[in-house]
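Engineer: One structure, pasted below without further comment.
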Amino acid sequence: LKGFGTPEEAARKMREEYGGLIVYEAKSQEEGYEASDMVHTVKVEAANVRIRVRTVEDGPIRVLFKPREGCDQVSFKEENGIFSFQHKMKGFLHLNWLNLFIDFSVIILEIPKSFAGSLQLKTSNAAIAVSNLSQLGKGEFVSSNGKIRAENIRAGALKLQTQNGTVVGRNLISDDITMQTCNGSIMGTVIGNANDYTIESRTVNGSNNLAQCAAVQGRLKHLKAWTTNGRIQVEFIG
């Protein structure tokens, strides 16, 4: 372990080798990464690139990302209150498995804490991280072969879904929660009373602390936690 040096030194060397954190800040509306009007729906879709949400006190919704020449292709559209940003990989670079392990390319979405609309994030072979949004109407965070992490989120409906990765939801408040993966664990905390929830939960190879609770009078909220090869550990807290 001493051979690796300090964490700070290891991080510095890795960023030097792989180019550091690549971000992009639009300098004008014509460059197309910043909302110019009121937005009720935000859609960010990517391929093999991490997505991170960074909350701000105020200001426009915007995406920070620098396309790599010959590697990334991006498009942006803002229409009828819908903010859409799409990223694709060019050529055979969609097979770039290094994105699974090295944080050298990331899409950062800046969004006000007060945003109360719909937030839809989707990527492949990469992680999604979202935190500190307390007024979402709907949150949908979907990946494949990547970890989904959501913390301090309040939403009318909330979906955290991946295939081969862990799903982590901390301090979630919602009447309709879906946490789903396979070949990965599901962990988290839900703020509320378990007796208010209809619960569907199952795993094949792993422990599960959630008991099935059928829909009955008084259980108006829903929690679904499904995996195949992994444990489920979701706690209700007051």
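Engineer: What nm value, rounded to one decimal, do you get for the distance between THR6 and GLU57 when each label is placed 7 Å out toward the C-beta?
Structural biologist: 3.2 nm
Engineer: With a 1.4 Å probe and all protein chains kept in place, how much accessible area does ARG62 have, in Å² rounded to the nearest 10?
Structural biologist: Its heavy atoms expose roughly 50 Å² to the probe.
Engineer: Under 15 Å from a label point 7 Å along Cα→Cβ of LYS113: give me every residue in the range 32-68 with its amide N that close.
Structural biologist: Residues 54-59 fall inside that zone.
Engineer: Report, in listed order, any pair from LYS122/LYS221; LYS88/LYS138; LYS77/LYS221; LYS2/LYS159; LYS66/LYS221; LYS2/LYS66 with a Cα-Cα distance greater than 32 Å.
Structural biologist: LYS77/LYS221; LYS2/LYS159; LYS66/LYS221; LYS2/LYS66
Engineer: Report the extension gain between GLU79 and GLU151 in nm, rounded to one decimal, defined as 0.36 nm multiplied by the number of residues separating them, less their alpha carbon distance.
Structural biologist: So the chain would gain 23.0 nm between GLU79 and GLU151.
Engineer: Moving on to the next point. Please give the contour-minus-distance gain from ASP175 to LEU220: 0.36 nm per residue of separation, less the Cα-Cα distance, rounded to one decimal in nm.
Structural biologist: Roughly 15.4 nm would be gained on extension.
Engineer: Enter the accessible area of GLU9 (Å², nearest 10), with the probe set to 1.4 Å and all protein chains included.
Structural biologist: 60 Å²
The values are calculated or read from the model by the stated rules, or taken from the named source; none is laboratory data. All values reported here derive from a predicted model rather than from experimental measurement. Here Cβ is always computed from backbone atoms with ideal geometry, including for glycine, and neighbour counts include all displayed protein chains. All accessible areas refer to the heavy atoms of the entire protein, side chains included, with ligands and DNA or RNA removed. Shrake-Rupley method; radii C 1.70, N 1.55, O 1.52, S 1.80 Å.
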